[in-house]
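Read through the structure below, which is laid out as structure tokens, and then see the notes.
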Amino acid sequence: MIRRALMPLALVGSTALCFLPALSGSFLNWDDNVNFLDNPAYRGLGVENIRWAFTSVLFGHYIPLTRLTWSLNYVLGGMDPWGYHLLNLLLHAANTALFYVVARRLLATASGRGSQDGRRAPEVAAAAAVAALVFGVHPLRVEPVVWISARADLLCALFVLVATWAYLRAVEDPRPARRGPLLVSVGALAAALLSKGIALPFVAALLLLDVYPLRRVTRLGWGPLVREKIPHLLVTLVGAGIIVHAVRQGAVLTGSADYGAVSRLTVAAYSFVVSPVRFLWPAALSPLYEMPAQASLVEPRFGLAMGAAVLITALLIVLRHRWPGGLTAWAFSALMLAPASAAVRQGVDLAPDRYSYLAGLGFVLLVGGAVLAGIRLVRRGALSRRVARAVTVAGAGAIVGLGATSWSLSEVWRESETLWGWAIELDPTCSVCHGKLGESLLAGANASRAVEAEGLLRRAIALRPDLPEAHFNLGTALVLQGRYAEAEAPLRAYMKRVPRAASGPERLGLLYLLQNRFEMAIPLLRNALIRKPDAPDLRRYLIQALEGQALALRAQGRDGEAEMLLAEVRTVSAVSPDATRESRPSPRP
């Protein structure tokens with residue numbers, strides 16, 4: 001038992017080593033601020049916190065199990081990001097060990113040695129270990145591991161791997177699938193869907209495995225295989241209904257006028273092709289590949305991607321009898337990418353690296369298959385030992401290079417300013433990257449860097465005028481410089497683009513408060529407080545505006561109106577006594 005555990009433990013240690021810089025990382029201004037810094041709802045494991053986890057559709061995601069892990073982090077370590085990063089790292093290390101177990105079964109089956117003895121064969125174990133190590137240390141893993149908000153991908157993958165392992169246990173002999181492991185697989189699928197909706201295609205992925213490498217379709221036919229998966233299908237349908245509701249309630253959907261059928265297909269084809277390309281050549285990996293305003297086949301990268309997708313699919317179909325693993329890996333990748341790659345939602349991400357976490361497992365298995373084939377060629381004398389040693393050294397060097405790259409990228413992801421500086425270096429035309437770097441320079445209301453931030457934010461708006469956050473942060477940068485008159489226009493532009501957000505009237509109301517224009521500040525701050533009633537700073541700003549206007553009215557002899565405002569002050573203060581503490585209003589990005 002101890003000897004069997006040595007390889008998974010070695011994989012866990014090797015994987016964790018490559019991402020150690022993440023443990024000194026911070027919360028990033030890339031959803032972490034919304035999910036954690038400005039979100040008191042997750043802080044604890046009380047009834048209200050659990051209710052929020054199971055009812056929230058923030059960003060259009062229904063991820064209650066993931067949100068409960070956030071709450072666990074808070075209970076154990078408060079707002080120290082170290083614990084959040086540690087749990088992400090542990091989840092990824094566990095996934096690497098689980099993938100080794102799953103890969104060993106699949107490689108043994110694909111090679112015709114699906115029995116327990118076949119899985120324990122040294123060459124199969126070695127091939128599975130190489131595949132798992134490539135998966136674990138690959139730079140494509142940096143985004144989901146080092147970015148706290150991407151934990152949903154890690155947790156979902158954990159349960160998907162458990163579901164796959166249980167399914168393989170259930171069908172490991174020619175008899176009908178065993179009920180116990182099959183129910184475990186169904187339960188793990190439910191947990192995966194409660195972690196993130198990317199597991200929706202899992203039932204189809206199991207049928208794909210039935211075709212190859214399990215070859216169950218040939219033995220049993222489609223009917224029994226579909227019937228045994230009815231529990232999986234029912235869980236998937238329920239999950240799909242909940243996920244669609246969450247998307248409609250919490251996300252901004254892309255209209256058909258913005259992305260028609262051809263554009264959606266173009267983006268999907270690009271996602272399918274770029275995933276294996278980045279796997280083979282993980283250079284210049286960015287936190288953001290910006291979605292263009294329009295996706296057209298006329299643009300070279302999309303036209304080439306569409307042609308490559310068609311050509312690769314056709315070629316793999318032709319070679320399906322000689323190389324079934326290639327078609328299976330390609331189909332699995334396309335299947336798992338499909339829900340997130342068709343431009344269903346309005347967003348700024350074009351094929352993010354985190355989407356490859358599950359979708360790329362098939363390509364990693366191909367590496368294991370190549371290792372297994374190479375070992376057998378050496379044993380048969382078809383490949384000289386000298387060549388084998390050279391290939392082994394080259395492969396080991398490649399894996400070390402992957403791990404070193406992951407270490408370097410993990411350092412880049414540790415804090416926002418470094419991250420977005422790197423993104424701009426890779427793509428100087430990325431409007432969101434300029435905006436996010438400008439926002440990071442404003443962190444902590446740092447007036448000394450407001451001029452630099454202003455330049456970045458103006459560049460972001462020039463590249464993409466419809467970017468709401470850039471207008472908001474530009475207004476903040478101007479306020480920090482004391483240029484109040486100029487700050488009003490970008491803040492109003494933000495309010496026009498995001499009319500339902502509380503941050504717009506709050507920031508403009510704060511601007512008027514700083515100018516002692518109390519009469520104009522009061523309705524804006526009231527409006528913002530209605531939309532965000534649990535914000536203590538906002539409540540304090542409103543009290544200061546009311547008191548300031550009351551003093552102005554009394555100076556004009558309008559005591560009755562002043563008393564009405566002071567009565568409102570007492571009402572607002574009664575809700576939150578701390579709001580009466582005086583402090584200078586301070587704009588924050």
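The values are calculated or read from the model by the stated rules, or taken from the named source; none is laboratory data. Bear in mind that the values here come from a model prediction, so they are computed numbers and not experimental data. Glycine gets a Cβ as well: all are built from the backbone with ideal geometry, and neighbour counts include every protein chain shown. These accessible areas exclude ligands, DNA and RNA; they are computed on the full protein's heavy atoms, side chains included. Shrake-Rupley method; radii C 1.70, N 1.55, O 1.52, S 1.80 Å.
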Original post:
Hey, in the chain, which Cys have no second cysteine's beta-carbon closer than 4.7 Å?
Top reply: C18, C156
Subject >> Cβ-based net charge around L463, under 12 Å, with every Lys or Arg adding one and every Asp or Glu removing one >> reply: 0
Subject >> Relative counts (whole %) of C-alpha pair distances in the range 283-329, using bins that are 5 Å wide >> reply: 5, 18, 15, 16, 16, 15, 11, 4, 0
Original post:
Round to a whole number: what % of the accessible area of the range 1-67 belongs to carbon and sulfur, probe 1.4 Å?
Top reply: 69
Subject >> Ellipsoid semi-axes in whole angstrom, largest first, where each is sqrt(5λ) of the Cα gyration tensor of the range 92-164 >> reply: 26, 13, 7
Subject >> Nearby lysines by direct alpha-carbon distance to K532 (threshold 24 angstrom, same-chain neighbours under 8 apart not counted) >> reply: K436, K496
Original post:
With a sphere of radius 11 Å drawn around the Cβ of L538, what net charge do the other residues whose Cβ falls strictly inside it have (Lys, Arg +1; Asp, Glu -1)?
Top reply: +3
Original post:
What's the long-distance tail for the range 472-537, i.e. % of Cα pairs beyond 17 Å?
Top reply: 35
Original post:
For the range 294-429, what log10 I(q)/I(0) values come out of the Debye formula at q = 0.10, 0.12, 0.21 1/Å, with one point per alpha carbon and no solvent?
Top reply: -0.54, -0.77, -1.33
**OP:** Beta carbons within 10 angstrom, averaged per residue: use that to sort the peptides 273-279, 309-315, highest first.
**Re:** 273-279, 309-315
Original post:
Assuming a viscosity of 0.692 mPa s and a temperature of 37 °C, what translational diffusion coefficient in µm² per second does Stokes-Einstein assign to the range 504-570, Rh being the Kirkwood radius over Cα pairs?
Top reply: 282
Original post:
Given Cα pairs under 8 Å that are at least 6 residues apart, what percent is the relative contact order of the chain?
Top reply: 14
Original post:
P(r) of the range 207-252 in 5 Å steps, Cα pairs, percent per bin?
Top reply: 5, 19, 18, 15, 12, 11, 9, 7, 3, 0
**OP:** Just the number, please: carbon plus sulfur as a percent of the accessible area of the range 443-562, 1.4 Å probe, no ligands or DNA/RNA counted.
**Re:** 52
Subject >> With Cα atoms, 0 to 90° folded angle of helix 559-575 axis to the chain main axis >> reply: 30
Original post:
Karplus couplings for the range 326-332 from phi (6.51 cos²θ - 1.76 cosθ + 1.60, θ = phi - 60°), rounded to Hz, Gly and Pro as x?
Top reply: x, 5, 5, 5, 5, 5, 4
**OP:** Give me the angle, in degrees from 0 to 90, between the Cα long axis of helix 202-211 and the longest principal axis of the Cα atoms of the chain, rounded to the nearest 10.
**Re:** 10
Original post:
So what is the diffusion coefficient of the chain in µm² per second by Stokes-Einstein at 37 °C and 0.692 mPa s, using a Kirkwood Rh over Cα pairs?
Top reply: 124
**OP:** Can you work out the accessible area per residue across the chain, with the rest of the protein chains kept in place, probe 1.4 Å, in square angstrom?
**Re:** 45
**OP:** Give the value in nm², to one decimal: projected area of the alpha carbon convex hull of the range 1-116, averaged over all directions.
**Re:** 10.2
Subject >> Convex hull projection area averaged over all views, the range 1-65, Cα basis, nm² >> reply: 7.2
Original post:
Whole-Å semi-axes of the range 95-215's equivalent ellipsoid, largest first, each the root of 5 times a Cα gyration tensor eigenvalue?
Top reply: 24, 20, 10
Original post:
What is the pair-distance distribution P(r) of the range 380-508, computed from all Cα-Cα distances in 10 Å bins starting at 0, with each bin given as a whole percent?
Top reply: 13, 31, 22, 11, 9, 7, 6, 2, 0
**OP:** Relative to the longest principal axis of the C-alpha atoms of the chain, give the angle of the C-alpha long axis of helix 431-441, reported between 0 and 90° and rounded to the nearest 10°.
**Re:** 60
